[in-house]
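Chemist: Handing you a structure now.
The values are calculated or read from the model by the stated rules, or taken from the named source; none is laboratory data. Since this is a predicted model, take the numbers as computed values, not measurements. Virtual Cβ from ideal backbone geometry, glycine too; neighbours counted across all protein chains shown.
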């Protein structure tokens, strides 16, 4: 790809460095590691600054660390908005509307939140507690650099309907058990089970097996209901955690297969991925293209296109 000016070439190189969909080169890994270390140091300084003795002894250090990290985050945010037109996402290609659309994306908003504390501090629009809370939200920037969060996001997207069904079952159980407990215990303990919403708090405690002890049924039938709700809560939460675990392991397997396919493509050559994007299947019934990411598996694609003869077989 040719670039007419050095500015466009520099913007393209920055886009490769910033974009999450690009393969992680050594430069990208170093950049992400340095940025993650700065975020961790900044969040740690916010926590330690709340200790009065440390604030008195290291106040100057905390001050300069906050301003230096804010400057870095501000420059990063501006550069990301500038280079987003070179991302693979076609929605960001327009010089104006593409950048505005990128500024409304999740990670762009997180980057903006990282800069807001300094802006609000200069304008005097927030007190110290609000500024400290906003500075702690910088931890969200670590989501971009964590594979685990990407896998969890994929799990939530793939199993959204199943998770929503389980959450509905939990909500239904909380509502029904709270209403029943209010009906059984309101006359015996009017100060404790004073309303259905209050009784629903007892249901939440019981379903999650937390059991703070601030609300305990006094009647025999109420205790029986509490035992039944506890057993239902154990089963429902076990089903929920099992679903998340299975889906997470499935996404982890897919991620490893994709990483292995990229490694094979790097050894075979770029033509394996550029010239063999066939939707056919090889002789062993396996697809030539990954159904999840669209990546062409080199040996399978060549088998499908060559009538069952792989590159190794053809010599």
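Chemist: Among the residues that make up region 236-247, is at least one of them over 30 Å from residue 192 (Cβ atoms), out of contact with any strand residue (DSSP E or B) (no Cβ under 8 Å at 6 or more places or on another chain) and at pLDDT below 50?
Modeler: no
Chemist: For region 162-219: of the residues being part of a loop (DSSP other than H, G, I, E, B) and within 23 Å of residue 244 (Cβ to Cβ), which is modelled with the highest pLDDT?
Modeler: 208
Chemist: Restricting attention to region 18-38, does a residue exist that is modelled with pLDDT of 85 or more and closer than 20 Å to residue 131 by Cα?
Modeler: yes
Chemist: Condition first: touching a helix residue (DSSP H, G or I) at 6+ places or on another chain (Cβ under 6 Å), modelled with pLDDT of 80 or more and part of a helix (DSSP H, G or I). Can you find one or more residues in region 116-134 that meet it?
Modeler: yes
Chemist: Let me ask something else about it. Are any of the residues in region 37-52 in the same structural domain as residue 140 (by TED's automatic domain parsing), out of contact with any helix residue (DSSP H, G or I) (no Cβ under 6 Å at 6 or more places or on another chain), on the phi < 0 side of the Ramachandran plot and not in a helix (DSSP H, G or I)?
Modeler: yes
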